[in-house]
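A quick write-up on the structure given underneath.
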Amino acid sequence: MAEIPEQLTQRSKGRSDYAVATKEYRQEIRRRMKKPVRVGETMKTKLGAAIAAVLIAGVLTGCADVPDKNTPEAGTYGTYPKDYKALIDAYQQTTFKEPSSAVVQYLNEPSTGWTRTAPGAPAVFGYRVCLIVNTKNSYSGDVGNLLTEVFIRNEKVMSYRVADHSSSAYDAVVQSACDSASPK
């Protein structure tokens, strides 16, 4: 329990020290509790909690399991995509708003790798191609050069991930995948 301030322990109107101190101590506590909460303090608390949550999520994401190289699936990458540019172009035709405006620069030929199609999903082995894409958005404005990772297995695009220059961990994943796939 908190220590009773000395000025509260003085005798008053014939009461005992304890009674005076206890009553005045309770009044002091009530007075302190009525203080308005400053907005800045609650915002700092919420901001601190949000930062902590993001850091914890980052640590947990970094601890994601990597598939074992000795699993039977590791050797099964599917058929090599000889016509990978046509596969990627066909995929872009179905997903871009203005596919004819796309300018694509291929950074590498298909290289073996693995990915997950969804968080927590099993690893999928196949071929990774990295490229830089510049196309138009809904307002006919250029989106800029975006690093893109395309993952192909058995002549099918399994994932098409774009690093959109945000500060998300998603961008770091695409960057890391393309760094490891690109020729040095």
Of ALA50, ALA74, the only residue that is surrounded by 14 or more Cβ atoms within 10 Å (Cβ to Cβ) and at pLDDT below 75 is ALA74
If we keep only residues of the range 150-161 that are in a strand (DSSP E or B) and in contact with a helix residue (DSSP H, G or I) (Cβ under 7 Å, 6 or more places away or on another chain), then the residue surrounded by the fewest Cβ atoms within 10 Å (Cβ to Cβ) is TYR160
Hits in the range 92-149 (condition: in a helix (DSSP H, G or I), more than 26 Å from the chain's Cα centre (by Cα) and surrounded by 15 or more Cβ atoms within 10 Å (Cβ to Cβ)): PRO99
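The values are calculated or read from the model by the stated rules, or taken from the named source; none is laboratory data. In this text, all values refer to a predicted model and were calculated from it rather than measured experimentally. Methodologically, a virtual Cβ is constructed for each residue, glycine included, from the backbone with ideal geometry; neighbour enumeration extends over all protein chains shown.
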